[in-house]
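The values are calculated or read from the model by the stated rules, or taken from the named source; none is laboratory data. From a predicted model like this one, the values you see are computed outputs, not experimental measurements. Cβ placement follows ideal geometry from the backbone for every residue including glycine, while neighbour counts extend to all protein chains displayed. What goes into the accessible areas is simple: the full protein's heavy atoms, side chains included, and nothing from ligands, DNA or RNA. Shrake-Rupley method; radii C 1.70, N 1.55, O 1.52, S 1.80 Å.
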Amino acid sequence: MVRELSSPQRQIFQLKISLSDVTPVVWRRVLVPGGYTLDRLHRVFQHVMGWQDCHLHSFEIDGLQYGEPDPDGELTLRDELDTRLDAVIGKGSRFRYTYDFGDWWEHDVTVEDAFGADPGERYPICVTGARACPPEDVGGPFGYRTFLVALADPEHPDHESMREWIGRSFDAEAFAPDRVTTLTRRLC
């Protein structure tokens, strides 16, 4: 009997994504196929973290930078469309994902596990996580801290302007992994 080897597309990586320099930590645990390109992983990260994909991004893996090629040649990036996840990481790997080069949101990513796909499951899956993602264009980790302080204190001089700027209620503790999984599967 010939034993069939697991195809790389059937390999699943369990990733823990933590937003750097934000306390308490905003984090997610996701299951993604190893056959995804880094471009597709970027889309997964955008949805599970709660970003809106309005800004540039890059991956740094083993000292190499990956992202969308720069037509002006100012950024030296390997093309994320040509790079499969299973070709650049393995169980125990760590890498960095940076989103929005102005606000500079750094995400520490750890490959916690690698295993065969469950044939009855659809991927990607957001297994768990904690806390809402900061709003786009809030000003990076420092701006986010300022934003939270102003929202929490009705007497803060920026309270009303921050409420108007956000334009909706904002609960920094809110996170629903099932809802995120559904949205991510639709959009990725």
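Can you give the longest stretch of the chain with no exposed loop site, where a site means trypsin sites (Lys or Arg not before Pro) in a DSSP loop (not H, G, I, E or B) with at most 15 other C-beta atoms within 10 Å?
No qualifying site falls inside 4-90, the longest such stretch.
Leaving out ligands and nucleic acids, note down the accessible area per residue over the stretch 1-114 with a 1.4 angstrom probe, in whole Å².
Accessible surface, normalised per residue, equals 52 Å².
Tell me, what HN-Hα J-couplings in whole Hz come from the Karplus equation 6.51 cos²θ - 1.76 cosθ + 1.60 at θ = phi - 60° for each residue of the stretch 168-175, using x for Gly and Pro?
So the Karplus estimates, Gly and Pro as x, are 7, 6, 9, 10, 5, 8, 6, 6 Hz.
With unit charges on the beta carbons (Lys and Arg positive, Asp and Glu negative) and the dipole taken about the Cα centre of the stretch 22-127, which residue among Thr37, Gly120, Ile61 sits farthest to the positive side?
Gly120
Quick one: compute a quarter of the convex hull surface over the Cα atoms of the chain and quote it in nm².
Mean projected area for the chain: 12.6 nm², to one decimal.
Run lengths n ≥ 4 of DSSP H only: what is the helix-derived mean residue ellipticity at 222 nm for the chain, with -39500 (n - 2.57) per run over all residues, to the nearest 500? List each step's numbers first, then the result.
On the way: 5 runs with 48 residues, N = 188.
Roughly -7500 deg cm²/dmol at 222 nm, from the helical runs in the chain.
Just to confirm my numbers, what's the Cα centroid distance between the stretch 136-188 and the stretch 79-115 in Å?
The stretch 136-188 and the stretch 79-115 have Cα centres spaced 24 Å from each other.
Taking amide hydrogens as modeled 1.01 Å from N in the peptide plane, which residues meet the under 5 Å criterion relative to Leu77, leaving out close sequence neighbours?
Sorted by chain and number, the residues that satisfy this are Asp70.
I'd like the GluC sites (Glu not before Pro) in the stretch 15-101 restricted to DSSP loop residues with at most 14 other Cβ atoms within 10 Å, sorted by number.
In loop regions of the stretch 15-101 (DSSP not H, G, I, E or B), the sparsely surrounded GluC sites (Glu not before Pro) are Glu74.
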